[in-house]
Structure formats: C-alpha cells, structure tokens
1. Could you tell me what percent of the accessible area of the stretch 1-52 is made up of carbon and sulfur, with a 1.4 Å probe and every protein chain present?
2. If Glu6, Glu89 are ordered by their accessible area, calculated over protein heavy atoms with a 1.4 Å probe, which sequence runs from highest to lowest?
3. Quick one: net charge of Gln106's neighbours, Cβ under 14 Å, K/R +1, D/E -1?
4. When the solvent-accessible surface of protein heavy atoms is calculated with a 1.4 angstrom probe, in what order do Thr111, Thr78, Thr69 fall, highest first?
5. Keeping all protein chains in position, work out how much accessible area Trp36 exposes to a 1.4 Å probe, and write it in Å² to the nearest 10.
6. Counting only heavy atoms of protein chains, what accessible area per residue, in Å², does the chain have with a probe of 1.4 Å?
7. Extension gain Thr58-Lys43, at 0.36 nm per residue separation less the Cα-Cα distance, in nm?
8. What percent do you get for the relative contact order of the chain when only Cα pairs under 8 Å and 6+ apart count?
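The values are calculated or read from the model by the stated rules, or taken from the named source; none is laboratory data. Only a predicted model underlies this, so the values are computations on that prediction, with no experimental measurement involved. Counting neighbours? That spans all protein chains shown, and the Cβs are built from the backbone with ideal geometry, glycine included. What goes into the accessible areas is simple: the full protein's heavy atoms, side chains included, and nothing from ligands, DNA or RNA. Shrake-Rupley method; radii C 1.70, N 1.55, O 1.52, S 1.80 Å.
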Amino acid sequence: QVQLVESGGGLVQPGGSLRLSCAASGFSFSSYSMSWHRQAPGKERELVASITRNSGITNYADRVLGRFTISRDNAKSTVYLQMNSLKPEDTAAYYCKGGPWGSWGQGTQVTVSS
C-alpha cells in the first residue's frame, strides 16, 4: 500500500523559511521521480518542484525558482522541500506526489502571514 505523509507546514512570517518532508512507503522509493505541488483556495493545483530518482535533475516553477529547493534521501524514503524567502502568495496546501501510480499525500498547510 503506497503511503505519502507530508509534514513540516505551519504559519510563518513573510521572509521566513520552512522545510517540508514527505515520507514514502509501500513502493521502491529510489526508483521513482517525486514532486511537490500546491493548491491555494480557489485555485488549481500547480507543480512546485520535481526531482528525478537519483537527484540528478530538478525542476522548479518560475515563481519559486531561487527560493525553494527540492531534495531527497533515498535511504530514508523521504523527499524534502526547503522553502526560503516565503511570500504571502506561497500560502497553500502543499502535496507530494510519486510512486508507480502517481499517488498523492494528504497535504500540509503553509500559511505566510504577518
């Protein structure tokens, strides 16, 4: 049974940082690319960042490029999203996605507000 469990969300002030984690189980984690997505209220879910199975290639949405960093630890079956210089417009539920069937986690809320 594939499970993706996100953690690390919360309330942060503009300019602050958060590190999201997504712990995977139920599949061979190192064999699949992983990605982070986000969805703000009233908006469509959008891709934030992706990483290949060996971390060789990463891709980012233009609006987070230079501020967010995706990484993974295959030994821990975990993918991370380091988010720096956060802006109010980064407020959203953040989801990880991956595995043989493109499974989604339950999401973790990030709120950027003063």
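1. Looking at the stretch 1-52 in its full context, I get 47 percent from C and S.
2. Glu89, Glu6
3. Spelling it out: positives minus negatives among the neighbours equals +2.
4. From most accessible down to least: Thr69, Thr111, Thr78.
5. Its heavy atoms expose roughly 0 Å² to the probe.
6. 53
7. On the way: separation 15, 0.36 × 15 = 5.40 nm, distance 2.44 nm.
That pair, Thr58 and Lys43, stretches by 3.0 nm at full extension.
8. 37
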